[in-house]
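Nothing in this text is a laboratory measurement; each read-out follows from the coordinates by a stated rule. Values in this document were obtained by computation on a predicted structure and should not be read as measured data. Using ideal geometry, Cβ is built from the backbone for each residue, glycine included, and neighbour counts are taken over all protein chains shown.
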Amino acid sequence: MQVRVQTEAFDFGQEANTFAIAQTDMGAIVTFSGIVRNLAETKLSYMDIEHYAGMTEKAIGKIVDEAVSRWSLGDVLVIHRFGRLVPEDLIMMVATASKHRKDAFEAAEFLMDYLKSRAPFWKKEVSDQSQDWVVSKVEDRNALNRW
Amino acid sequence: MQVRVQTEAFDFGQEANTFAIAQTDMGAIVTFSGIVRNLAETKLSYMDIEHYAGMTEKAIGKIVDEAVSRWSLGDVLVIHRFGRLVPEDLIMMVATASKHRKDAFEAAEFLMDYLKSRAPFWKKEVSDQSQDWVVSKVEDRNALNRW
Amino acid sequence: MIDVLYFAWVRERIGEAKETVETEAETVADLVKELSERETRYELAFSDLSSLRVAVDQELRDFDASIKGAREVAFFPPMTGG
Amino acid sequence: MIDVLYFAWVRERIGEAKETVETEAETVADLVKELSERETRYELAFSDLSSLRVAVDQELRDFDASIKGAREVAFFPPMTGG
């Protein structure tokens, strides 16, 4: 299990390969990666991601522990960036490894749902015209009820 | 949309990166990759994957079209190998890109469920002791009922 | 004249991957019956149709599907891709 | 003495990221009330508690949670990670 919270960019493909290669006896790998969208209508200049240093890794660690207790997982990786990101930058990724695809898929979705609403990150979108804190979506908060 | 059926090994990370970088305005990328498991109990020597040349790409293409009609997807990639594979080799991968994670996750799961039971591949596991055709699982056939 | 293809253990039991068959069979089921009556290896391979799948011109079909005008029929066990 | 942290728009409205507060408040709600009575900027930031989340010693808590013995309380909007 590995959790990294960092400002530095990371290489999604390389991380995914390193994660996959390290597995033995795990037939299924699922990854999710989140990218800063290049929204034509808002002409986003950049996104600032603030986080609660000290709490963040602890909060993600608890979410990972919960996933490991619910599904049969060989390994989990979470990387989440903070600081200034521009369109098409990778924001974060998760990877899950399991013997069977169902566990790998469900655990990855669970991790994403919880990272969205329970890990202490806040995004601000900045364009020429505006600076807006991204508002948490009802559907994202409701997504936790599935689990 | 890209479907590749091949004997050659492929670089999962590089494929995932190429796929992710090509997206514009897609915030969510999901990948699945399947690996030949190194089963201690059976001491698998290798796996032979047979397929129905001619039908395979057509069948996968139809599954991809169905996914594109059901979810809002920016892009889909499917790579599936056939021929002889050894433990820890990558068998196949899918990748989906969408604006939102729900579509990317569901479409990837749908693709996997259908590739399992509707794409004309057959796996044979060979060890020192035995040569066994992998038997399709009831749970895999039932997985199609979700969709 | 129709091409008949076999995959996986069906191919192993029949002993070949592909053959061209002279037949007047109207449906897949008719073809299965006709082949099974010809030789024991077909009878054995086709003994449990519930464990077989069939494609007509590279599309999955039921055993009652027509093969009139079809170029190719394929028999195989349930797929195990992914 | 307790460290009080603010994030995102709460930080912007309060005008600082962290301060150390002298308080006898027993719960988060007591602390919110006390700060709101001190200065308008707190009153504005805390005007709609339903739009705020709170952590006590880096664990998510409700507003009626105790802060007795706690080192750190943090106020912030609903998270938007991922």
query = What does the average come to when, for each residue of peptide C:63-70, you count the partner chain Cβ atoms lying within 10 Å of its Cβ?
reply = 0
Relative contact order, percent, chain C [alpha-carbon distance under 8 Å, six or more residues apart] = 38 percent
ask   = What are the distances, in nm and sorted shortest first, from the label point of residue A:9 to the label points of the same position in each other copy, with each label point placed 7 Å from Cα along the Cα-to-Cβ direction?
value = 2.8
query = Just how far, in whole angstrom, is the stretch B:18-46 from the stretch D:62-82 if you go by their alpha carbon centroids?
reply = 39 Å
ask   = Can you give the mean number of other chain Cβ atoms that lie within 10 Å of the Cβ atoms in peptide D:73-79?
value = 6
ask   = When the Cα centres of the stretch B:50-97 and the stretch A:73-98 are compared, how far apart do they sit, in Å?
value = 24 Å
note = Summing +1 per Lys or Arg and -1 per Asp or Glu among the other residues with Cβ less than 14 Å from residue C:58's Cβ gives +2
task = Could you give the C-alpha radius of gyration of the stretch B:81-147 expressed as a fraction of 2.2 N^0.38 Å, taking N as the number of residues it contains?
result = 1.36
request  = Sort largest first and round to whole Å: the equivalent ellipsoid semi-axes of the stretch D:2-76, each the square root of five times a Cα gyration tensor eigenvalue.
outcome  = 16, 13, 12
message = I need the calculated FRET efficiency for the pair residue C:34 and residue B:135, taking r as the beta carbon distance and R₀ as 35 Å, to the nearest 0.05.
response = 0.80
query = Label-point separation (nm) for residue C:62 and residue D:64, each offset 7 Å from Cα along Cα-to-Cβ?
reply = 6.1 nm
request  = Could you tell me which GluC sites (Glu not before Pro) in the stretch B:30-118 are loop residues by DSSP with no more than 12 other beta carbons within 10 angstrom of their beta carbon?
outcome  = B:41
query = Taking only Cα atoms, what is the 0 to 90° angle, nearest 10, from helix A:101-118's long axis to the longest principal axis of chain A?
reply = 40 degrees
request  = Please work out how much length the chain gains when fully extended from residue A:48 to residue A:128, using 0.36 nm per residue of separation minus the C-alpha to C-alpha distance, in nm with one decimal.
outcome  = 27.4 nm
task = Within the set of other residues whose C-beta is less than 11 Å from the C-beta of residue A:60, count the net charge using Lys and Arg as +1 and Asp and Glu as -1.
result = +1
task = Report the residue of chain D with the smallest Cβ-to-axis distance, using the rotation axis that brings D onto C, in whole Å.
result = D:82, 14
message = To confirm my reading of the symmetry, which residue of chain A has the Cβ nearest the axis that brings A onto B, and what whole-Å distance does it have?
response = A:13, 2
remark   = With the label set 7 Å along Cα→Cβ, residue A:87 is separated from its counterparts in the other copies, in nm and shortest first, by 4.9
ask   = If you add up the charges near residue A:11, with Lys and Arg at +1 and Asp and Glu at -1, over every other residue whose beta carbon is less than 13 angstrom from its beta carbon, what do you get?
value = -2
ask   = Quick one: which of A:43/D:18; A:124/D:68; B:137/C:33; A:102/C:33 span more than 30 angstrom between C-alpha atoms?
value = A:43/D:18; A:124/D:68; A:102/C:33
request  = Give, rounded to the nearest 20 debye, the magnitude of the charge dipole that the stretch B:2-145 has about its Cα centre when Lys and Arg contribute +1 at Cβ and Asp and Glu contribute -1 at Cβ.
outcome  = 280 debye
key: Reciprocal of mean inverse Cα separation for the protein assembly as shown (Kirkwood radius, Å)   = 25.0 Å
Lys/Arg +1, Asp/Glu -1 at C-beta; the stretch C:14-62 dipole; positive extreme among C:27, C:45, C:58 = C:45
Within chain A, helix-based [θ] at 222 nm, where runs of 4 or more DSSP H residues each add -39,500 (n - 2.57), nearest 500 = -10500 deg cm²/dmol
Copy-to-copy label separations for residue C:41, where each label sits 7 Å from Cα toward Cβ, in nm and ascending = 8.9
query = Using alpha-carbon pairs under 8 Å, 6+ residues apart, how would you state the relative contact order of the stretch A:2-145 in percent?
reply = 34 percent
key: Zone residues, the stretch C:14-42, relative to residue C:49, backbone N less than 11 Å from point 7 Å out along Cα-to-Cβ   = C:27-34
query = Among C:9, A:122, which comes first, second and so on when ranked by fewest other beta-carbon atoms within 10 Å?
reply = C:9, A:122
